[in-house]
1. Any residue at all in the range 274-283 that's open to solvent by 40 Å² or more (accessible area, probe 1.4 Å), under 29 Å from Leu221 (Cα atoms) and under 24 Å from the mean Cα position of the chain (by Cα)?
2. Tell me which residues, restricted to the range 490-512, are closer than 18 Å to Gln448 by Cβ and touching a strand residue (DSSP E or B) at 6+ places or on another chain (Cβ under 9 Å).
3. Going residue by residue through the range 78-92, is there one that turns out to be surrounded by fewer than 17 Cβ atoms within 10 Å (Cβ to Cβ), small (Gly, Ala, Ser) and over 14 Å from Ala148 (Cα atoms)?
4. Could you tell me which of the residues Leu492, Leu485, Leu523, Leu496 is under 29 Å from Ala423 (Cα atoms) and in a strand (DSSP E or B)?
5. For the range 324-356, how many residues are open to solvent by less than 40 Å² (accessible area, probe 1.4 Å) and either in contact with an Asp or Glu (Cβ under 7 Å, 6 or more places away or on another chain) or in a loop (DSSP other than H, G, I, E, B) (or both)?
6. So which of Leu272, Leu279, Leu265, Leu246 ends up being closer than 26 Å to Glu297 by Cβ and outside any loop (DSSP other than H, G, I, E, B)?
7. Can you name every residue in the range 438-477 that is open to solvent by less than 30 Å² (accessible area, probe 1.4 Å) and touching a helix residue (DSSP H, G or I) at 6+ places or on another chain (Cβ under 9 Å)?
8. Being at pLDDT 95 or above and crowded, with 19+ Cβ neighbours inside 10 Å: is that true of Ala522 here?
Amino acid sequence: MWLSLLLLPLLLPGPPPALGMEDASFPHLGESSQPPPRACPPRCSCPRADTVDCAGLDLRVFPDHITRAAQHLSLQNNQLQELPYNELSRLSGLRTLNLHNNLISSEGLPDEAFESLTQLQHIYVGHNKLSVAPQFLPRSLRVADLAANEVTEIFPLTFGEKPALRSVYLHNNQLNNAGLPPDAFHGSQAVVTLSLSSNRLSYVPPSLPSSLERLHLQNNLISKVPRGALSRQTHLRELYLQQNQLTDSGLHATTFSKLHGLEYLDLSHNQLAAVPAGLPHTLAVLHLGRNRIRRVEAARLRGLRGLRYLLLQHNRLGAAGLPAGALRPLRGLHTLHLYGNGLDRVPQALPRRLRALVLPHNRVTTLDARDLAATPSLAELNLAYNRLASACVHRRAFRRLRALRSLDLAGNQLTLLPSGLPASLRTLRLQRNQLRALEPEPLAGLDQLQELCLAHNRLRVGDIGPGTWHELQALQVLDLSHNELSFVPPDLPEALEELHLQGNRISHVGPEAFLSTPRLRALFLRANRLHVTSIAPEAFLGLPHLRVVDTTGNPEPVLVQLPPTAPRRPRAEGP
């Protein structure tokens with residue numbers, strides 16, 4: 001996508017520049033003053049005098065008749081196998097050359113191919129068949145893309161001695177450390193983005209440009225960061241080391257000590273058993289997911305007061321994995337991600353300003369009155385797929401969460417709705433529990449709730465108490481699918497726009513089923529027990545906004561007739 005964005009301005013029509021002498025003509029008296037049409041290669045387009053676009057034409061041969069005035073040449077998405085030196089050498093004014101997604105091999109790219117292009121600033125040779133990088137690229141270069149080739153070797157003057165070079169993309173090649181010389185970027189101290197991801201590097205290369213701001217090394221074979229390898233990159237802001245083979249011994253205590261501007265560090269999908277030491281105080285995002293971390297020590301996090309996102313999902317944190325207060329130094333923490341560990345309770349003494357606590361797929365069995373008391377700013381709480389039973393959720397567990405907007409308790413063992421839910425809730429997810437009854441008291445005061453999911457429980461209409469929906473004045477989405485309902489529950493909220501009733505036992509829809517829901521837009525009744533005559537003709541008369549009625553998967557095809565004012569006839573199919 002970024003490649004298309006870079007090229008977009010080059011292909012937009014604009015006023016043509018002044019004609020050079022070679023193209024100029026002077027009309028004789030009495031002749032038209034209209035300029036002659038510009039020469040353009042067959043089948044290509046030339047929207048401006050300096051732009052030639054031959055992309056996507058299935059070309060197998062470099063096109064003829066490219067004007068010497070060309071500054072931007074697009075040849076991407078063809079089947080070119082080689083670049084003729086004689087043709088390229090004519091185009092000394094080129095600033096952009098796009099050869100992306102062809103079949104160009106190193107044998108088809110002469111060593112001197114680009115030596116005449118002294119003004120070239122952007123070159124895109126990604127998605128070709130290069131086995132080695134070009135030995136020489138012009139000194140004027142700013143952006144070089146050689147990604148998704150088969151490159152095993154880089155040469156000193158491929159990227160070296162390029163004072164204006166800003167971005168280099170080498171990801172998805174076959175580079176190992178031997179193929180990347182120590183002086184690969186000598187004299188190129190303006191490079192801010194370097195992508196070496198998805199190669200075969202076994203350690204972080206030394207002598208990387210000191211100007212780097214973004215370094216992509218993910219998906220290699222890196223098992224260590226040599227001491228001092230990152231000591232010169234003081235401007236680095238983003239470092240991606242995920243999906244490697246890093247262990248604790250592969251990181252020194254000073255590995256990150258000189259990265260005084262580092263904001264984003266991704267070490268996920270490695271083999272770390274502990275949080276690394278010496279992390280920069282400037283970090284805003286620390287990704288440690290899918291490692292082997294068993295315990296988080298407060299000392300390793302001390303000083304990270306600006307850390308906003310800490311991701312520890314899919315580690316081996318057990319009952320003692322997060323000691324009380326271990327995360328207290330993280331005063332600015334916004335999101336704590338602990339998905340897929342072995343925690344048996346909510347971590348204690350969490351940072352007071354925490355806004356999102358993500359704890360699904362753990363082993364939490366109880367929720368006490370004070371477990372969440374220290375985090376009054378929580379807006380999102382996810383405790384899905386734990387082992388919570390109704391008897392073990394204290395009635396005041398959520399009392400202090402006055403800013404909570406989203407609560408996910410799906411996949412637990414709840415038989416009753418929790419008490420004391422915050423009035424600020426917008427979304428409540430309780431699917432895949434063991435709910436057998438709904439009473440109005442737990443839902444009282446939830447006048448801001450917009451989405452309620454109760455799917456995959458054991459609810460019957462007779463177990464839904466009178467007035468249950470009365471205070472849910474803002475509810476727009478209600479999911480009661482895959483329960484044991486035999487008909488549409490009465491007195492549903494007036495603001496309701498989307499109602500999921502699929503997978504129940506509904507065999508009849510009466511004329512008054514939706515009198516209380518005039519704003520309904522989508523109704524899902526598939527996989528019930530409906531027959532041809534099961535839905536009363538008047539059932540949808542008062543629903544002018546209804547656009548979707550899904551009755552597929554019933555024993556017989558059910559035809560649905562909507563009132564004339566309905567904008568669109570909904571789908572109504574048989575099984």
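The values are calculated or read from the model by the stated rules, or taken from the named source; none is laboratory data. Quantities reported herein were computed from a predicted structural model and do not represent experimental measurements. Here the Cβ is made from the backbone with ideal geometry for all residues, glycine too, and neighbour counts use every protein chain on show. The protein model used for the area step is the full one, side chains on, heavy atoms only, and it has no ligands, DNA or RNA in it. Shrake-Rupley method; radii C 1.70, N 1.55, O 1.52, S 1.80 Å.
1. Yes, the conditions are met somewhere in the range 274-283.
2. Filtering the range 490-512 down to residues closer than 18 Å to Gln448 by Cβ leaves 492-498.
Leu492, Pro493, Leu496, Glu497, Glu498, listed by residue number.
3. yes
4. Values: Leu492 fails: in a strand (DSSP E or B); Leu485 fails: in a strand (DSSP E or B); Leu496 fails: in a strand (DSSP E or B).
Selected residue: Leu523, the only one of Leu492, Leu485, Leu523, Leu496 that is under 29 Å from Ala423 (Cα atoms) and in a strand (DSSP E or B).
5. Adding up the residues that qualify gives 19.
6. Values: Leu272 fails: outside any loop (DSSP other than H, G, I, E, B); Leu279 fails: outside any loop (DSSP other than H, G, I, E, B); Leu246 fails: outside any loop (DSSP other than H, G, I, E, B).
One residue alone meets the criteria, Leu265.
7. Leu438, Leu449, Leu452, Gly465, Thr468, Trp469, Leu472
8. no
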